[in-house]
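**Q** Submitted below is the structure of interest, expressed as structure tokens.
The values are calculated or read from the model by the stated rules, or taken from the named source; none is laboratory data. Worth saying up front: this structure is predicted, and the values here are computed from it rather than measured. Positions of Cβ are generated from backbone atoms using ideal geometry, with glycine treated the same way; all protein chains shown enter the neighbour counts.
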Amino acid sequence: MFKCFFSYILFFSLLSSIYGCKLNDTLSIIKETINTNSKEELTVEIEQPKKPEENLKPIIKNQEEKVLDEELTIALVQPMIKKKKLEDTIVIEKSEKIGLLLPLTGSRASLGKSLVNSVRVYTDNVEKKIDFRVYDTRSTKIGAQESFKKALNDGINIYIGPIFSDETIAIKDLAENKDVLIYSLSTDQSIVSKNILISGFSVEDEISCILQKIKSEGNLRVGIIHNDDKYGNLLKKATTNLIKNFSELSLISLKISDPLELDKDLKKFSFFEEGKNLLESEIEKIKLADINSVEKESRIKQLEKLETFGEKPFDSLIIGESGNDLIEVLALLAFYDINSSNTLIFGTNIWDGIEKSKEDVIDDTYYATSLILNKDDYKEIFFDIFDSKPSNLNFIINDIIHFITSKQNRDLKRETFNGEFSSFKATSNGHVKRKIFINKFSDGKVKSNFECAIADL
């Protein structure tokens, strides 16, 4: 799979005209500065290696040494691993071109640069030489449009990116009548077109699999907690639409609009006061019951161990939070007597890789993802070279590159493609459907618990 990695230093240069570009959607990881004078060569450093042995100079490939007016050359500098010789360099030969529409500057630059590093990982592990051209979207809609126009002028037909839906929408009309195929990394399935494949994580497929799991457990009442943001509203919309396929299931939802009101909102959502009052009523009822004193005392003692009494408003719960925010929500829910002992609790792919909480509030909860469990080798390699952890999108882009460079790359009716980290199929209507796994946190480990085949989604 991955060999002792980067046994040579790979340089490849890419021409990219840069006009005013920006963008807006979130996800950050790195920084850089750029001077945009015409005729001046520009080097963009994509992630510093841990211990560079000496300064590297970019190698300009083929006949692209000259920097034309209003054009800038972006040299992607390959980081070195310890004790590798500077002479061990390769210049990518002329071959199939793949355009990468990624933000290298602006508010989203860190993610764009991280995904470029995935391309480096890929190129170090395949013999086939592919001409990857990076076009900086500058983290704006206008930037996405201008970088796409530049790529079209360069004769690029296959693209990976943009990452976000707003950028993808911005180039949709420009791509409409062109002979191009765009693998957008967005999660918004509504923006597909005849030549735009939505290749990011599918919230719809994850929710569909979660609902199947809920049904298989015999649970019927579903709750969802989501933020008032793009992802949260997408999660709610997908759940509302898909639950219609399960006539026996009901849905109750909580939108988190104000973090300062989180405690109060969760308390109300959990029916905590109602359950507490019911518990007090039930204890009083037992006290007045015409039963022998031994049984009465025993039943009262059992009830006094409880926080609440009666049916919860839901027996399954989907939470659209991640990281520390997730832990806070789980801890508050546990305080209000909603936990994995009385409720099936689920998350989506944004839970993938989460560390176990000190309070163990994550124990016996589940999350849906299209990624396989064992990604440790790749994580190690990536961290060793770039001194940063890969995001879930790094695994996705790795598989998309494999897919594009395979024999199946343009056949949109094909069988399932088994990538390194996921199995998926590109449908004729522009969606990428992936096999979904439901994993469970158990005793500090993550174990596979349930899965949904592509055909079932």
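**Q** Please indicate, with yes or no, whether at least one residue in segment 307-330 is assigned to a helix (DSSP H, G or I), assigned by TED's automatic domain parsing to the domain that holds K215 and in contact (Cβ under 8 Å) with a residue 60 or more places away in the chain.
**A** Yes, the conditions are met somewhere in segment 307-330.
**Q** Quick one: what pairs do we get from segment 218-229, first residue in contact (Cβ under 8 Å) with a residue 12 or more places away in the chain and at negative phi, second of a type in the set (D, E) and surrounded by fewer than 17 Cβ atoms within 10 Å (Cβ to Cβ), C-beta under 7 Å, 6+ apart or different chains?
**A** L220/E248
**Q** Answer yes or no as to whether S186 is in contact with a strand residue (DSSP E or B) (Cβ under 9 Å, 6 or more places away or on another chain), in the same structural domain as T105 (by TED's automatic domain parsing) and under 19 Å from G320 (Cα atoms).
**A** Here the answer is yes, as S186 does meet what is asked.
**Q** If I ask for residues that are within 18 Å of N398 (Cα to Cα) and without any contact (Cβ under 8 Å) to a residue 12 or more places away in the chain, which ones from segment 332-388 would you list?
**A** Within segment 332-388, N374, D376, K379, E380, F383 qualify.
**Q** Here are the criteria: (1) out of contact with any Cys (no Cβ under 8 Å at 6 or more places or on another chain); (2) surrounded by fewer than 22 Cβ atoms within 10 Å (Cβ to Cβ). Tell me which single one I142 does not satisfy.
**A** Among (1) out of contact with any Cys (no Cβ under 8 Å at 6 or more places or on another chain); (2) surrounded by fewer than 22 Cβ atoms within 10 Å (Cβ to Cβ), the lone unmet condition for I142 is (1).
**Q** Can I ask one more? Only residues that are among the aromatic types (F, W, Y) and more than 15 Å from L111 (Cβ to Cβ): list them for segment 160-191, please.
**A** Y183
**Q** Give me the strands (runs of 3 or more DSSP E) completely within segment 345-457, filtered to those with at least 3 residues that are buried (at least 21 other Cβ atoms within 10 Å of the Cβ) and at pLDDT 85 or above, ordered by residue number. Outline the logic, then answer.
**A** Numbers: elements: 366-369, 423-426, 432-434, 436-442, 445-452.
By residue number, 366-369, 436-442.
**Q** Moving on. Here is a check on your reading of the model: is S186 in a loop (DSSP other than H, G, I, E, B), buried (at least 16 other Cβ atoms within 10 Å of the Cβ) and among the small types (G, A, S)?
**A** Considered against the rule, which asks whether it is in a loop (DSSP other than H, G, I, E, B), buried (at least 16 other Cβ atoms within 10 Å of the Cβ) and among the small types (G, A, S), S186 comes out as yes.
**Q** Test S199 against the stated conditions and say whether it is of a type in the set (S, T, Y), in contact (Cβ under 8 Å) with a residue 24 or more places away in the chain and surrounded by fewer than 16 Cβ atoms within 10 Å (Cβ to Cβ).
**A** no
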